[in-house]
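The values are calculated or read from the model by the stated rules, or taken from the named source; none is laboratory data. Bear in mind the structure is a predicted one, so any value in this text is a computation, not a measurement. Cβ atoms come from the backbone with ideal geometry, glycine included; neighbour counts cover every protein chain shown.
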Amino acid sequence: MRVAISEAQGLLCAEEVVAERALPGFDQAAVDGYAVRSVDVQAAAESPVALPVVGEIPAGSRQPRRLQPGQAVRVVTGAPLPTLADAVVPLEYTDDNPAKVTVRQPVPSAAFVRRTGEDVQTGDVAVRRGAPIGSAQVGLLAAVGRNKVLVHPRPRVSLISVGEELVDVDRTPGQGQVYDVNSYALAAAARDAGAEVTRVGIVSSDPRRLREVVEGRLLLSEIVVIAGGAGGSAGEEVRRSLADLGVLDVTRIAMHPGSVQGFGRLGPDQVPTFVLPGNPVSALVVFEVLVRPLIRAALGKHNPHRRTVTASLLSPVTSVKGRRGFLRAQLLRDPDNGSYLVQPLGTSGSHLLASLAEANCLLLVDDDVTEVAVGEDVRVSFLSQRA
Ligand SMILES: Nc1nc2c(c(=O)[nH]1)N[C@H]1C(S)=C(S)[C@@H](COP(=O)(O)OP(=O)(O)OC[C@H]3O[C@@H](n4cnc5c(N)ncnc54)[C@H](O)[C@@H]3O)O[C@H]1N2
Ligand code: MOO
């Protein structure tokens, strides 16, 4: 997608931006002073040299100027250098006399001159394909005269919560009702991953209503996420109501938390659609493990995965046999030698959200491992710590 450079910040460049003009675009003064031929001021090493001043060139001057041997022209920073001049004498080396300037110190050729193309030459790649566009890249694009740039756009992600027990945080929950956590938490996670987010909120699991909402979102999304209604009879209902939009496979995945999940490619554009488990921790962890990398890949990230490190375990952990564990934990640094240590938070309940809020990493346990002892090395995946 081509966007205005003012909209490109935070995205990855999707083209090799070749400079069609040099930067600087012309030889120019780097300081306020006097443009001269350097040979004419060489003698200032022994005694001051006086040169007649034949004019002044402001920045942005369009008039071509020419210097005769033995003359000086007053210039300001950024002013085009007159032809024949090969150096600028800074004001500080002169008496700044506007009629006849006295130069007290010589300058070598090319001194205090910004040369054409010394920053970027015509034909150079100013911004590489895959480069993150930050303030410096936006500046460089402007400097080489580009007002638009090809980027990987933010994928549009829609987040829907289903569950008859849910109420929005704006309402007062009745007996047996709970606040909708997932659409808010997942919207935040999707935004953090770099997506453009639509939080649809709670949608009734009435089959026609759910189908209608999902069908609408499929037309406006690159990814659709439905949280809740993965397992049991509710899951069956969700699957049935979306059946004519495409194949949605609801199954068990060998991970904990978050075993029951669904995935399909729905609608005319085969939009990846996830059905995440309803338990808030499970929903966030499955999003982290399966949905986030898809968003990162869509953004053009070379490696869409989180950074992982090896850390030494501070308390023993147990994990469910036959399922890959993603345990909430705190990653620390050993104050003595800086090595990584990891403190598991000791909770595995998928409804215990406060412990996920405490965590800054997920401790990864292979599916064939059920126990890990203190002091053993484990793999740890970072979580976002951005406020
Ligand atoms: N007989 C079995 N029952 C369950 C199993 C199982 O293997 N056998 N697995 C449990 C696990 S683990 C999960 S996870 C859920 C998956 O089923 P659903 O995706 O249909 O989840 P729900 O039943 O709708 O909800 C589970 C739990 O989470 C609460 N929830 C749901 N949505 C939200 C939301 N948006 N905000 C806050 N809380 C939410 C919901 O109230 C439930 O307490 O199945 C288990 N049962
Ligand atoms: O599927 Mo559940 O998510 O393990 O909590």
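I'd like to know if the range 273-285 contains one or more residues that are more than 16 Å from ligand 2 (Cβ to nearest atom), in the same structural domain as ILE160 (by TED's automatic domain parsing), within 27 Å of PRO155 (Cβ to Cβ) and not polar (S, T, N, Q).
no
Look at the range 1-17 and say how many of its residues are under 18 Å from VAL120 (Cβ atoms) and surrounded by fewer than 16 Cβ atoms within 10 Å (Cβ to Cβ).
2
Inspect all residues belonging to the range 216-238 and state whether any of them is in contact (Cβ under 8 Å) with a residue 60 or more places away in the chain, away from ligand 2 (no atom under 16 Å from the Cβ), over 30 Å from VAL380 (Cα atoms) and in contact with a strand residue (DSSP E or B) (Cβ under 7 Å, 6 or more places away or on another chain).
yes
If you check every pair at least six apart or on different chains, which have Cβ atoms under 8 Å apart with a residue in the range 353-369 that is within 15 Å of SER312 (Cα to Cα) first and a residue that is polar (S, T, N, Q) and at pLDDT 95 or above second?
Close Cβ pairs (under 8 Å, with a partner that is polar (S, T, N, Q) and at pLDDT 95 or above) amount to CYS361/GLN330; CYS361/SER381; LEU362/SER381; LEU364/THR308; LEU364/SER381.
Taking GLN330 as meeting all but one of (1) among the polar types (S, T, N, Q); (2) more than 28 Å from the chain's Cα centre (by Cα); (3) away from ligand 1 (no atom under 16 Å from the Cβ), write down the number of the exception.
(2)
Name every residue in the range 334-352 that is without any contact (Cβ under 8 Å) to a residue 40 or more places away in the chain and either over 18 Å from GLU376 (Cβ atoms) or within 16 Å of ligand 1 (Cβ to nearest atom) (or both), in order of residue number.
PRO335, ASP336, GLY338, THR347
Name the pairs: first residue in the range 280-308 and over 14 Å from CYS361 (Cα atoms), second residue of a type in the set (Ser, Thr, Tyr) and within 16 Å of ligand 1 (Cβ to nearest atom), Cβ to Cβ under 6 Å, at least 6 apart or on different chains?
SER282/SER350
Let me confirm something: among SER350, SER384, which residue is surrounded by fewer than 15 Cβ atoms within 10 Å (Cβ to Cβ), touching a helix residue (DSSP H, G or I) at 6+ places or on another chain (Cβ under 6 Å) and modelled with pLDDT under 95? Break it down stepwise before answering.
Details: SER350 fails: surrounded by fewer than 15 Cβ atoms within 10 Å (Cβ to Cβ).
Just one listed residue meets the conditions, SER384.
Could you list, in sequence order, the residues of the range 203-255 that are part of a loop (DSSP other than H, G, I, E, B) and farther than 23 Å from ALA185 by Cβ?
Hits for the range 203-255 are ASP206, LEU219, GLY246, VAL247, ALA254.
Report, ordered by the first and then the second residue, all pairs with beta carbons closer than 6 Å, sequence separation of six or more or different chains, a first member in the range 171-185 that is over 24 Å from PHE274 (Cα atoms), and a second member that is within 11 Å of ligand 1 (Cβ to nearest atom).
Pairs that qualify, where the first residue is over 24 Å from PHE274 (Cα atoms) and the partner is within 11 Å of ligand 1 (Cβ to nearest atom), are PRO173/VAL167; GLN177/GLU165; GLN177/VAL167.
Check every one of the strands (runs of 3 or more DSSP E) wholly within the range 1-77 and list those with 1 or more residues that are more than 30 Å from ARG191 (Cα to Cα) and of a type in the set (Lys, Arg).
Result: 72-75.
Please go through (1) surrounded by fewer than 18 Cβ atoms within 10 Å (Cβ to Cβ); (2) hydrophobic (A, V, I, L, M, F, W, C); (3) within 30 Å of PRO207 (Cα to Cα) for LEU150 and return the number of the only condition it doesn't satisfy.
For LEU150, the exception is condition (3).
Scan (1) more than 28 Å from the chain's Cα centre (by Cα); (2) buried (at least 19 other Cβ atoms within 10 Å of the Cβ); (3) not aliphatic (A, V, I, L, M) for the single condition ARG292 breaks and write down its number.
Every condition holds for ARG292 apart from (1).
Take the residues of the range 277-310 that are over 23 Å from GLY262 (Cα atoms) and in contact with a His (Cβ under 6 Å, 6 or more places away or on another chain): which is farthest from ligand 1 (Cβ to nearest atom)?
GLY300
From GLY201, GLY216, GLY228, grab the single residue that is out of contact with any Phe, Trp or Tyr (no Cβ under 9 Å at 6 or more places or on another chain) and modelled with pLDDT of 95 or more. Lay out the reasoning, then the answer.
On the way: GLY201 fails: out of contact with any Phe, Trp or Tyr (no Cβ under 9 Å at 6 or more places or on another chain); GLY228 fails: modelled with pLDDT of 95 or more.
Within the list GLY201, GLY216, GLY228, the selection yields GLY216.
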